[in-house]
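Chemist: Here you go, one structure.
Values quoted throughout were computed directly from the atomic coordinates according to the rules given, and no laboratory measurement underlies them. Not measured: the values here are computed from a predicted model. Cβ atoms come from the backbone with ideal geometry, glycine included; neighbour counts cover every protein chain shown.
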Amino acid sequence: MRASCSFADYFVVCTGESERQLDAIWEAVLDGLQEQGVTPLHKEGPRGSGWLLLDFGAVVVHVFAPEEREFYRLEELWKDAVQVLRIQ
């Protein structure tokens, strides 16, 4: 993202297939990073919204439900950014 935007170096984009998976991804990211002493600068998106966001400054984590990921199409919006890793 560094060359494409001024506010983050990396986007992590995840999809959960259910509300339970969205919550599990959200909690796993928060817990894993907090164990390393890293706390988010900002959290966005109420549970049930289909899009949760954790802003760690240089890294922004997006956790989407499938419908919201398809609607917002971040990968298309930021298509000039270099993709580092894709796991499906």
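Chemist: Over the chain, with a Gaussian network built from C-alpha contacts below 10 Å, which listed residue (59, 13, 38) shows the highest mean-square fluctuation?
Modeler: Maximum among the listed residues: 38.
Chemist: Quick one: among 35, 68, 44, which has the greatest mean-square fluctuation in a GNM of the chain with alpha-carbon springs under 10 angstrom?
Modeler: Looking only at 35, 68, 44, the biggest GNM fluctuation is shown by 35.
Chemist: With θ set to phi - 60° and the Karplus curve 6.51 cos²θ - 1.76 cosθ + 1.60, what are the ³J(HN,Hα) couplings of region 17-32 in order, to the nearest whole Hz, using x for Gly and Pro?
Modeler: Once rounded to whole Hz, the list reads 7, 8, 4, 4, 5, 4, 4, 5, 5, 3, 5, 5, 5, 4, 5, x.
Chemist: Taking 8 Å as the Cα distance limit and 6 or more residues as the minimum spacing, I'd like the relative contact order of the chain as a percentage.
Modeler: Numbers: 118 pairs, mean separation 30.6, N = 88.
Computed over the chain, the figure is 35 percent.
Chemist: Also, quick follow-up: Restricting to region 10-77, what percent of DSSP beta bridges are antiparallel, rounded to 5? Walk me through the intermediate numbers first.
Modeler: Values: 8 of 14 bridges.
Here the antiparallel bridges make up roughly 55 percent for region 10-77.
Chemist: In a Gaussian network model over the chain where Cα atoms closer than 10 Å are linked, find which of 71, 11, 56 has the largest mean-square fluctuation.
Modeler: For the chain, modelled as a Gaussian network with Cα springs under 10 Å, the answer is 71.
Chemist: Which of the following values of percent of Cα pairs over 18 Å apart was calculated from the structure shown: (1) 44; (2) 52; (3) 49?
Modeler: It is the value labelled (1).
Chemist: Once phi is turned into ³J(HN,Hα) by the Karplus curve 6.51 cos²θ - 1.76 cosθ + 1.60 with θ = phi - 60°, what whole-Hz value does each residue of region 41-53 show in order, with x for glycine and proline?
Modeler: 6, 7, 10, 9, x, x, 4, x, 7, x, 8, 10, 9
Chemist: Based on Cβ point charges of +1 for Lys and Arg and -1 for Asp and Glu, what charge dipole magnitude is obtained for region 10-77 about its Cα centre, in debye rounded to the nearest 20? Numbers along the way, then the final one.
Modeler: Working: 5 positive and 13 negative charges, 25 e Å.
Rounded to the nearest 20 debye, it is 120 debye.
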